[in-house]
Amino acid sequence: MSIEVIQTVVEVMSAILILIAFELLNRKHLQGYSFMAIGQLLAAVVCVVTSLWFLAFMHLVNCLLMVRGYLKWRTHSM
């Protein structure tokens, strides 16, 4: 398999995870944060592979914000 096929599969998986996360966050589910973090991390990897450094940095920052939101919401709900 070529790198383009793998990159496309990861890109599609990332987009699907981000869409699922938005729906879960709209319904106020805690799992939305973890889905979004994984999707953003995959998107950052794709951006690094394609040398889109600023976009990769922004996806990584968003991933960290989702982890922070997850931890904040989890401790708040306990």
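List of remarks:
- FRET efficiency estimate (nearest 0.05) - Cβ-Cβ, residue 58 to residue 30, R0 22 angstrom: 0.40
- Helical content of the chain, expressed as a calculated mean residue ellipticity at 222 nm, amounts to -30500 deg cm²/dmol (DSSP H runs of 4 or more residues, -39,500 (n - 2.57) each, divided by residue number, nearest 500).
- Taking the Kirkwood radius as Rh and the Cα radius of gyration as Rg, the stretch 3-77 has a ratio of Rg/Rh equal to 1.03.
Every read-out reported here was derived from the displayed coordinates using simple, explicitly stated rules and does not represent laboratory data. Values in this document were obtained by computation on a predicted structure and should not be read as measured data. Cβ atoms come from the backbone with ideal geometry, glycine included; neighbour counts cover every protein chain shown.
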